[in-house]
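One structure below.
The values are calculated or read from the model by the stated rules, or taken from the named source; none is laboratory data. Everything numeric here is computed off the predicted structure, so don't read it as measured data. A quick note on method: Cβ atoms are made from the backbone with ideal geometry, for glycine too, and the neighbour counts reach across all protein chains shown.
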Amino acid sequence: MKKKQFFRVIEPYLYLLPAMFFFSAFLFWPFLKTIWLSFAMTTPLGAVSSFVGLGNYLSIFTSQAFQNSLFVSFKYAVMTVTCSIVMGFILAIISNEDIKGKNLFRTFYALPMAISAAAASVVFMFIFHSSLGIINKVLGTHIGWLTDPKYALNAVTIVTVWMNIGLNFIFLTAALQSVPLDLYECAAIEGAGFFAKHKHITIPCISPTLFFLLIINVINALQAYAQVKLMTQGGPSGSTNVIVYQIYQEAFMNSRFGMACAESIVLFIILMVLTLIQFRLEKKVTY
Amino acid sequence: MKNKMAKYLLYILNIFFAVIIISPVLYCFNVSMMTMKEVFSGGFWPKQLIPDNYIKALQLAPFFTFIKNSLIVSCTVTFGQIVTGALAAYAFSMMKFRGRNALFLLMLATMMIPSQAIIIANYLIICDLGLKNTYTALILPNVASAFAVFNMRQAFLQLPMEIKEAADIDGCGNFRFFCFIALPLVKPSMGALGIYTFLQSWNHYLWPLLVTDSVNMRTVQIGLGMLQGAESTDFRPVMAGSMIILVPSILAFILGQKQLISGLTSGSVKG
């Protein structure tokens, strides 16, 4: 009898054990290790050789490369997030009307969600190719989209926007469908036009989703890596050196794991602030 | 009259955007079918459907090995996330125990640690364990995710509490209830989560890049990057390679589209 009762008490924890084990081993422990390493100098193999206190943080904040990567990431985030949400919104609106073939259009709009950053990058590398690429052929130009510092970040942004459209479209479509129809009926009676209708009814009604997407998109944009690695390797002259690429370079090209960890902690703090904002928002919503 | 115009405009806009969005994939397919001459002349459509570039891609890089590796990794990760997620979610939604809220908060906290911020420490841990270039290294760090736990918890919470109470009275143990009653009832959510996790894992780039460096352990995404790096002059095999790795994910997406969309959006903000 006693044995049974004991089992009753520990049973719930047994269900949590597998998930908690993996979280501890590959999330909490590496997280603590990242903090710890950010205060240390390491050997090229990643073992601690000496502790330098805040030394790594002081050097990254005076390092031009890191400051540049923060700036590039910020610019990249602003461009990708605005374009992705605006595009997602336009597509959600035009495919939410009463038209034939609606489901087919919706499948097309959501499809980029399934496409990997690696595949998207290599396809767009050819599309942007300076002599053979279709963009230059169509425009009749010879722009080095990936080799000219003026255009490289825009090219990377275009690829990312294309990949992000699917997710934004899906969430905005779901939000549009939850806007009460009688609001639109009232607006129609009042004689509101297409733009007035969406400005005064749709956008206020879906603003929680817009905000949610804003945060999610920024978080994703700040973690971008594959596009940059494949398309531009951070260049030309650092113009696409986003923060995660900078961290990767610091760790695996320069073997400075301590510096890379300090940069990771800075990234973590930025993302944590954004996530906290998002959680506060989600609290208002029924879970 | 005005209404009809508006409708035509809507069709035109929809077709325009659908073409724009789908054209990179279509273009990729077209180039993978072209001859070198056609590539230089810069047309959009190929004149013939030939498998030459696919054969060349398969010769340049062992794509079947990459696909095998990716399938092993993605399927195991998907299975692992569903199991660990469902078990933990069951405890959080159906059981009462001490420290439930604290543990749930701890779980919430894991969402705040982005994978890219701890990837270096994880890499060093895997190296210390001597696991570089193994399936274990590719799989283990992704076996549990907070997203899976939340998603499954969401599904369990929607089940009527009466079933659980009835089962308790009948003396049905928790594990039996979990396996034979609760899990079958949340199958749609498991499906959505499964497809989402599979796509994510299939598309992973940075982690497999770090922990594998031998050719026969590479996954499809890294393999494609390698092919692109090796072939700087001829894009056709690279496009063929892209098509090879795109097909499984596009299929998974189209098959699971409905479930995926409702599963993703149900837990989010109501507009």
Breaking point among (1) under 18 Å from the mean Cα position of the chain (by Cα); (2) small (Gly, Ala, Ser); (3) over 16 Å from residue A:226 (Cβ atoms), for residue A:118: (3)
Unique match (being assigned to a helix (DSSP H, G or I), facing chain B (nearest Cβ under 9 Å) and either in contact (Cβ under 8 Å) with a residue 24 or more places away in the chain or over 16 Å from the mean Cα position of the chain (by Cα) (or both)) among A:251, A:262, A:221: A:251
Residue check for residue B:84: within 18 Å of the chain's Cα centre (by Cα) and assigned by TED's automatic domain parsing to the domain that holds residue B:149: yes
Counted residues, region B:82-112 - those being of a type in the set (S, T, N, Q), farther than 15 Å from residue B:155 by Cα and in contact with a helix residue (DSSP H, G or I) (Cβ under 8 Å, 6 or more places away or on another chain): 1
Any chance residue A:172 is at pLDDT 80 or above, crowded, with 21+ Cβ neighbours inside 10 Å, part of a loop (DSSP other than H, G, I, E, B) and more than 7 Å from chain B (Cβ to nearest Cβ): no
Of residues in region A:98-139 being β-branched (Val, Ile, Thr) and facing chain B (nearest Cβ under 8 Å), the one farthest from residue B:200 (Cα to Cα): A:99
Residue A:146, sole failed condition from (1) part of a loop (DSSP other than H, G, I, E, B); (2) under 30 Å from residue B:255 (Cβ atoms); (3) of a type outside the set (Lys, Arg): (2)
Selection within region B:21-53 - over 15 Å from residue A:133 (Cα atoms) and either within 9 Å of chain A (Cβ to nearest Cβ) or exposed (fewer than 13 other Cβ atoms within 10 Å of the Cβ) (or both): B:21, B:22, B:47, B:48, B:49, B:51
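Condition test on residue B:253, is it touching a Ser or Thr at 6+ places or on another chain (Cβ under 8 Å), assigned to a helix (DSSP H, G or I), closer than 25 Å to residue B:114 by Cβ and in the same structural domain as residue B:80 (by TED's automatic domain parsing)?
For residue B:253, the condition - touching a Ser or Thr at 6+ places or on another chain (Cβ under 8 Å), assigned to a helix (DSSP H, G or I), closer than 25 Å to residue B:114 by Cβ and in the same structural domain as residue B:80 (by TED's automatic domain parsing) - is not met.
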Count of region A:189-248 residues which are surrounded by 15 or more Cβ atoms within 10 Å (Cβ to Cβ) and over 30 Å from residue A:60 (Cβ atoms): 12
Set B:18, B:57: member being buried (at least 18 other Cβ atoms within 10 Å of the Cβ) and more than 9 Å from chain A (Cβ to nearest Cβ): B:57
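Only one of A:111, A:27, A:70, A:37 is buried (at least 16 other Cβ atoms within 10 Å of the Cβ), more than 30 Å from residue B:121 (Cβ to Cβ) and out of contact with any Asp or Glu (no Cβ under 6 Å at 6 or more places or on another chain). Can you tell me which?
Working: A:27 fails: more than 30 Å from residue B:121 (Cβ to Cβ); A:70 fails: more than 30 Å from residue B:121 (Cβ to Cβ); A:37 fails: more than 30 Å from residue B:121 (Cβ to Cβ).
On inspection, the qualifying residue turns out to be A:111.
Any residue at all in region B:74-89 that is among the hydroxyl-bearing types (Ser, Thr, Tyr) and either within 7 Å of chain A (Cβ to nearest Cβ) or in contact with an Asp or Glu (Cβ under 8 Å, 6 or more places away or on another chain) (or both)? Write out each step before concluding.
First, the residues of region B:74-89 that are among the hydroxyl-bearing types (Ser, Thr, Tyr): B:74, B:76, B:78, B:84.
Now narrow it down to the ones that are either within 7 Å of chain A (Cβ to nearest Cβ) or in contact with an Asp or Glu (Cβ under 8 Å, 6 or more places away or on another chain) (or both): B:84.
The answer is yes; a qualifying residue exists.
Given the options A:275, A:232, name the one that is out of contact with any strand residue (DSSP E or B) (no Cβ under 6 Å at 6 or more places or on another chain), over 30 Å from residue A:127 (Cβ atoms) and polar (S, T, N, Q).
Answer to the check: A:275.
Residues are listed down the side, and each one gets a yes or a no for (1) within 20 Å of residue A:117 (Cα to Cα); (2) modelled with pLDDT under 85:
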{"position": "A:213", "(1), (2)": "yes, no"}
{"position": "A:253", "(1), (2)": "no, no"}
{"position": "A:256", "(1), (2)": "no, no"}
{"position": "A:271", "(1), (2)": "no, no"}
{"position": "A:275", "(1), (2)": "no, yes"}
{"position": "A:286", "(1), (2)": "no, yes"}
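Any residue in region B:103-113 that is surrounded by 22 or more Cβ atoms within 10 Å (Cβ to Cβ) and within 8 Å of chain A (Cβ to nearest Cβ)?
No, the conditions are met nowhere in region B:103-113.
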Candidate set from region A:80-90 (those that are hydrophobic (A, V, I, L, M, F, W, C) and closer than 22 Å to residue A:219 by Cβ); member that is nearest to the chain's Cα centre (by Cα): A:81
Exclusive hit being at the interface with chain B (Cβ under 8 Å from one of its Cβ atoms) and either of a type outside the set (Phe, Trp, Tyr) or in a helix (DSSP H, G or I) (or both), set A:229, A:199: A:229
Subset tally (residues that are more than 16 Å from residue B:20 (Cα to Cα) and of a type in the set (Val, Ile, Thr)) for region A:87-114: 2
Conditions (1) within 8 Å of chain A (Cβ to nearest Cβ); (2) within 23 Å of residue B:203 (Cβ to Cβ): number failed by residue B:62: (1)
